[in-house]
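Down below is the structure, laid out as structure tokens.
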Amino acid sequence: VNASMGGNASGNGRSAHGSTAIIHAIPNWGYAFDIWVGDGGSNPSLAQTTVDMSRSRSVTATFKVKIQELVVQATSGGSVSGDGNFTYGSSAAIQAIPASNHVFVHWTGAGIANSTSASTTVAMTADRSVTAVFASEKRYLGTMASGNGSDSGGGEYEHGTPDALTATPARGQQ
């Protein structure tokens with residue numbers, strides 16, 4: 001019983017002629033069992049299977065690097081890029097693109113290198129789902145009364161939000 005790169009195998013030893021030997025494939029972290037190569041295996045696609053010992057046999061467990069899925073989503077106010085399938089342990093590049101009159105706020109999800117950067121990476125050590133959060137741009141409206149009187153309604157507003165301005169003349173003024 002042998003193993004390719006990415007794991008180990010057990011089940012070596014002598015077995016009685018005509019018996020059934022149990023073999024195990026054990027993947028290393030970041031790898032997955034692929035298939036047993038050789039003859040006599042009852043089910044070569046299972047990590048634990050049996051081998052018919054009607055004669056001497058040689059089998060090898062093969063392994064492959066795990067593939068992790070990245071889902072990249074956005075709240076309203078922007079778009080994203082970077083989703084797909086990546087090899088285990090790689091860094092996947094993601095990007096958040098704000099729509100007009102919106103700003104990127106942050107990323108949510110696990111494995112993000114810099115959650116406050118619109119362009120960053122995700123550590124692909126598991127399947128991941130990340131979301132870019134966007135917000136409307138803030139606008140500042142300053143008001144100032146000229147002469148006698150007062151005004152109100154200035155301040156910070158989200159883009160597109162109507163503002164109620166009020167000008168109040170001083171007593172006896174129009």
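For an R0 of 25 angstrom, estimate the FRET efficiency from the Cβ-Cβ distance between ASN85 and SER42 and round to the nearest 0.05.
Here the calculated transfer efficiency is 0.20.
How much net charge surrounds LEU70 when only other residues with a Cβ under 9 Å from its Cβ are counted (Lys, Arg +1; Asp, Glu -1)?
-2
For the chain, just the Cα set please: Rg and Dmax, both in angstrom.
Calculated on Cα positions, Rg and Dmax stand at 32.1, 116 Å.
Between SER129 and VAL65, 0.36 nm times their residue separation minus their Cα-Cα distance comes to what?
Extra length available between SER129 and VAL65 comes to 21.0 nm.
Looking only at the chain, where both bridge partners belong to it, what percent of the DSSP beta bridges are antiparallel (to the nearest 5)?
About 85 percent, rounded to the nearest 5.
Provide the per residue accessible area, probe 1.4 Å, for segment 1-97, rounded to a whole number of square angstrom.
Value for segment 1-97: 57 Å² per residue.
Could you work out how far the C-alpha centroid of segment 58-73 sits from that of segment 81-101, in angstrom?
Using only Cα atoms, the two centres lie 20 Å from each other.
Hey, rough spin-label estimate for MET53 and ALA110, points 7 angstrom out along Cα→Cβ, what's it come to in nanometres?
4.2
Along the positive direction of the dipole of the chain (beta-carbon charges: Lys, Arg +1; Asp, Glu -1; about the Cα centre), which of ALA113, ALA164, VAL1 reaches farthest?
Result: VAL1, furthest along the dipole toward the positive end.
What is the local net charge at GLY84, summed over the other residues whose Cβ is closer than 13 Å to its Cβ (Lys, Arg +1; Asp, Glu -1)?
Once all neighbours under 13 Å are counted, the net charge is -2.
State, to one decimal in nm, how far the label point of MET144 lies from the label point of ALA164, with both points 7 Å from Cα in the Cβ direction.
Calculated label separation equals 2.6 nm.
List the relative contact order of the chain as a percent without decimals, with contacts defined as Cα pairs under 8 Å and 6+ residues apart.
So the answer I get is 15 percent.
The values are calculated or read from the model by the stated rules, or taken from the named source; none is laboratory data. On a predicted model such as this, the values are computed, not experimentally measured, just so you know. FYI the Cβ positions are ideal-geometry reconstructions off the backbone, even for glycines, and counts take in every protein chain you see. Ligands, DNA and RNA are stripped out before the accessible areas are found, and what is left, the full protein with its side chains, is counted by its heavy atoms. Shrake-Rupley method; radii C 1.70, N 1.55, O 1.52, S 1.80 Å.
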